[in-house]
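Accompanying notes for the structure given below.
Every number in this text was worked out from the coordinates using simple rules, so none of it is lab data. Note that this is a predicted model, so its numbers are computed, not measured.
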Amino acid sequence: SALTECIDAWVANDADRIAAAVAEDCIITERYGPVYRGRDCALRWAQAWSPRAGSRFYEWQGTWR
């Protein structure tokens, strides 16, 4: 599924794969408020969390509604 691909890409720290996994007109809402609209914005968001930006994602924990 697209969700599984997005999570796998996030764990792999692969911003390009994250962007490829979401719809062109996607809307990403962070739980503390920011909203990102569209694939290009999703790519920039993912790049900001990339290892090059000093972040590293190791594991996904959580549930989906």
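Taking the condition of being of a type in the set (F, W, Y) and within 13 Å of W49 (Cα to Cα), how many residues in segment 9-36 meet it? Step through it out loud before you land on a result.
As a first pass, look at segment 9-36 and keep what is of a type in the set (F, W, Y): 10, 32, 36.
From the residues that got through so far, the ones that are within 13 Å of W49 (Cα to Cα) too are 10.
Residues flagged as of a type in the set (F, W, Y) and within 13 Å of W49 (Cα to Cα) within segment 9-36 amount to 1.
Considering only residues that are hydrophobic (A, V, I, L, M, F, W, C) and either more than 11 Å from A42 (Cα to Cα) or over 9 Å from the mean Cα position of the chain (by Cα) (or both), which ones fall in segment 7-20?
Quick first cut of segment 7-20, residues hydrophobic (A, V, I, L, M, F, W, C) only: 7, 9-12, 15, 18-20.
Scanning segment 7-20 gives I7, A9, W10, V11, A12, A20.
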